[in-house]
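See structure below.
The values are calculated or read from the model by the stated rules, or taken from the named source; none is laboratory data. Keep in mind that what you see is a predicted model, and the values were worked out from it rather than measured. Glycine gets a Cβ as well: all are built from the backbone with ideal geometry, and neighbour counts include every protein chain shown.
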Amino acid sequence: MKKITIEIEETPYQVLVADTDETRERGLMGITHMPKNKGMLFKWDKPGKREFWMKNTVLPLLQAFLNEDMEVVKVLKRQPLDETLMGFDDIQYVLELNADEDVKEGDEMTIEDDNQKVPVMKIIGSDGNVQGIIQGGERIFSRPNTKVLIRQAKKAYESKSDSDYKRLGKSMFKYLKI
């Protein structure tokens, strides 16, 4: 199973990735000890209804359900061997960590992947020279402003409306000025 590093609100976690039916079905069953900041990330290609239980799982776990934007929408503290199915709609990721980890609704997850090229954006001044460089993982906009831009971009893309694209553009220039 592939192991990656994720971050939830700047706290890094080393997680195994369960992205096949077989690995998702097995999950953390039978694991008797899990070190701090370790866990498992269940991943699907598209959002959908995701249901989880604790069958054959002997550790108390925190289960964080995340949408396609990698935002935590629900957190459950689960007891060992509880076979109650708990599920939610529009979920693309489920993160299982030790029950005492500090993850809450509204937190955002980022995934570090060594196989991805780190994107670089160069800021060019009016003289044509590079004024600054921003590498992947760095922020131009605050988290709240980023959420607004993402929501407006999705709306504009779906509606194809000039007014929605203008609203998005105005917000971008407003946030860039900040």
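Quick notes
- Criterion (surrounded by 10 or more Cβ atoms within 10 Å (Cβ to Cβ), on the phi > 0 side of the Ramachandran plot, out of contact with any His (no Cβ under 7 Å at 6 or more places or on another chain) and among the charged types (D, E, K, R)) met by exactly one of 90, 102, 69, 164: 90
- All of 54, 109 fail the test of being closer than 18 Å to residue 24 by Cβ, in contact (Cβ under 8 Å) with a residue 24 or more places away in the chain and either in a strand (DSSP E or B) or among the polar types (S, T, N, Q) (or both), apart from 109.
- Failed item, numbered, when residue 109 is tested on (1) aliphatic (A, V, I, L, M); (2) at pLDDT 95 or above; (3) under 23 Å from residue 10 (Cα atoms): (2)
- Residue list for the stretch 1-21, restricted to those being free of Cβ contacts under 8 Å to residues at least 24 places away in the same chain and within 13 Å of the chain's Cα centre (by Cα): 10
- For residue 51, the conditions (1) touching a Gly at 6+ places or on another chain (Cβ under 9 Å); (2) surrounded by 16 or more Cβ atoms within 10 Å (Cβ to Cβ) all hold with the exception of (2).
- Residues of the stretch 57-106 that are within 27 Å of residue 150 (Cα to Cα), among the hydrophobic types (A, V, I, L, M, F, W, C) and in a loop (DSSP other than H, G, I, E, B): 70, 103.
- Scope the stretch 22-40; condition within 20 Å of the chain's Cα centre (by Cα) and under 16 Å from residue 92 (Cα atoms); matching residues: 23, 24, 27, 40
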